[in-house]
Structures are given as structure tokens and as C-alpha cells.
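Here's the structure we're looking at; comments come further down.
The values are calculated or read from the model by the stated rules, or taken from the named source; none is laboratory data. If you're wondering where the values come from, they're calculated on a predicted model, not measured in any experiment. So basically every Cβ, Gly included, is an ideal-geometry build from the backbone, and we count neighbours across all protein chains shown. These area figures cover heavy atoms from the full protein model, side chains too; ligands, DNA and RNA do not enter into them. Shrake-Rupley method; radii C 1.70, N 1.55, O 1.52, S 1.80 Å.
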Amino acid sequence: MKIPAPAELQAATPQFALRDSLGHLVRLSQFRGKAVVLTFIYDHCPDTCPLIVANLHNALLKLGSAASKLQIVAVSVDPRGDTAATVKAFLAAHQMTGRMEYLIGNFKQLAPVWRAYGVAVQASPDKREDVVGHSAFLYGITRRGSALVLYPPTFEPAWIVHDAPLLA
């Protein structure tokens with residue numbers, strides 16, 4: 001079930017600027033005028049993250065030409081594991097190259113964004129085989145830049161298809 005975003009996020013949705021896997025600086029504010037779905041994932045996740053991305057891909061397919069009014073933005077929750085090369089492979093494997101901005105960085109760059117959106121990240125940075133524990137909500141952000149709705153990681157693509165035109 002989707003729920004309204006917390007009032008503080010609706011009133012002042014945190015802005016940020018991070019680099020994508022190609023090294024380009026991406027600002028959340030550059031997507032004003034489009035609906036945005038913001039998610040927090042990592043590219044070697046064994047379960048939840050690939051499901052989120054698959055459902056986002058399906059939503060984009062169902063939106064058809066209306067998908068041009070929706071921007072998917074993913075912020076890494078694994079500063080050590082998500083590299084330009086692994087993100088590129090992940091996007092290709094999930095047919096999201098050019099359809100999703102996947103933002104990466106070091107801990108110092110990413111942690112303020114996690115905090116601003118209430119994303120808890122727990123990991124053992126010395127052991128790459130460990131799973132990165134993290135909050136997996138998705139944020140529906142309006143074309144004016146206000147976080148309006150929270151989606152659980154088990155969202156249905158139809159929810160995004162329904163909400164994208166309303167957010168835009």
C-alpha cells in the first residue's frame with residue numbers, strides 16, 4: 001500500500017547533486033517539470049533491488065509514450081560496491097540504460113542524501129559478500145519537486161502507471 005510522504009518531505013523535499021555512473025553531475029532539481037520516482041538501491045543486491053528495478057521497467061513499458069514525463073532516479077546505498085562499471089552492467093542487464101539515473105559516490109557524498117530521506121543503511125564495508133541492509137521505500141515526487149507519496153519495495157507497476165500522470 002502506498003502512503004502519503006511525511007509532511008516535512010512534502011513541504012521541503014531535500015535537494016541534492018551527485019554523479020551518475022558516467023561521471024555527469026545530476027541534480028534532483030533538473031527534473032522539475034517531470035514526475036520523479038526516487039529509489040535507493042545497490043547493484044549487487046540479491047533480491048529486493050532487482051525486483052524494484054524490474055517493476056520500474058515494467059511501469060515504464062506500460063506508460064508507453066507517457067514515460068517521457070517520468071524520471072527514475074536511483075541513489076546508491078553501497079558506496080564501495082557500486083562503481084561506474086558495475087552500475088553500467090546493472091543498468092544494461094535490467095534494460096534501464098538511458099531510462100534511469102543511477103547516482104553513485106563515496107560515503108561522505110551519499111550519507112547526507114540517505115539521512116535527508118530517512119534511509120537507514122547498514123553494511124559491513126570490509127566484507128563484500130555481505131548484503132547491504134537498507135530502507136527500500138520509493139518516493140513519488142511531483143513536477144514541482146515535492147515528495148508526495150511513498151511506495152513500498154513491493155509496489156505494483158500499475159501504481160506508478162496510475163500516479164505518474166498525476167505527479168507530472
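From the list S68, S21, the one residue that fits, being more than 13 Å from the chain's Cα centre (by Cα), buried (at least 19 other Cβ atoms within 10 Å of the Cβ) and not acidic (D, E), is S21. Could we say that G98 is within 15 Å of A136 (Cβ to Cβ), surrounded by fewer than 18 Cβ atoms within 10 Å (Cβ to Cβ) and either out of contact with any helix residue (DSSP H, G or I) (no Cβ under 6 Å at 6 or more places or on another chain) or among the polar types (S, T, N, Q) (or both) here? Criteria not met by G98. Can you confirm whether R80 is at pLDDT below 95, outside any helix (DSSP H, G or I) and open to solvent by 10 Å² or more (accessible area, probe 1.4 Å)? Here the answer is yes, as R80 does meet what is asked.
For every residue, the table says whether it meets (1) β-branched (V, I, T); (2) under 18 Å from L167 (Cα atoms); (3) not in a helix (DSSP H, G or I).
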site: V53; (1), (2), (3): yes, no, no
site: L60; (1), (2), (3): no, yes, no
site: S68; (1), (2), (3): no, yes, no
site: V75; (1), (2), (3): yes, no, yes
site: Q95; (1), (2), (3): no, no, yes
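Of the residues Q30, Q15, the single one that is within 24 Å of S68 (Cβ to Cβ), open to solvent by 40 Å² or more (accessible area, probe 1.4 Å) and part of a helix (DSSP H, G or I) is Q30. A single entry from C49, C45 fulfils the requirement of being open to solvent by less than 10 Å² (accessible area, probe 1.4 Å), at pLDDT below 95 and not in a strand (DSSP E or B): C49. Just one of the listed residues (L18, L28) is more than 20 Å from L150 (Cβ to Cβ) and modelled with pLDDT of 95 or more, namely L18. Whether a residue is farther than 18 Å from P152 by Cβ, in contact (Cβ under 8 Å) with a residue 12 or more places away in the chain and either among the polar types (S, T, N, Q) or assigned to a helix (DSSP H, G or I) (or both) was assessed, and T86 passes this test.
If the condition is being open to solvent by 60 Å² or more (accessible area, probe 1.4 Å), at pLDDT 80 or above and not hydroxyl-bearing (S, T, Y), then the stretch 119-157 contributes F137, R143, R144, L148, E156.
Figure legend. Inter-residue proximity from the stretch 39-51: first residues among the acidic types (D, E), second residues open to solvent by 30 Å² or more (accessible area, probe 1.4 Å), beta-carbon distance below 6 Å, spacing 6+ or different chains. Indicated pairs: D43/T86.
With respect to the conditions (1) in contact with a helix residue (DSSP H, G or I) (Cβ under 6 Å, 6 or more places away or on another chain); (2) under 26 Å from A116 (Cβ atoms), L63 lacks only one, and its number is (2).
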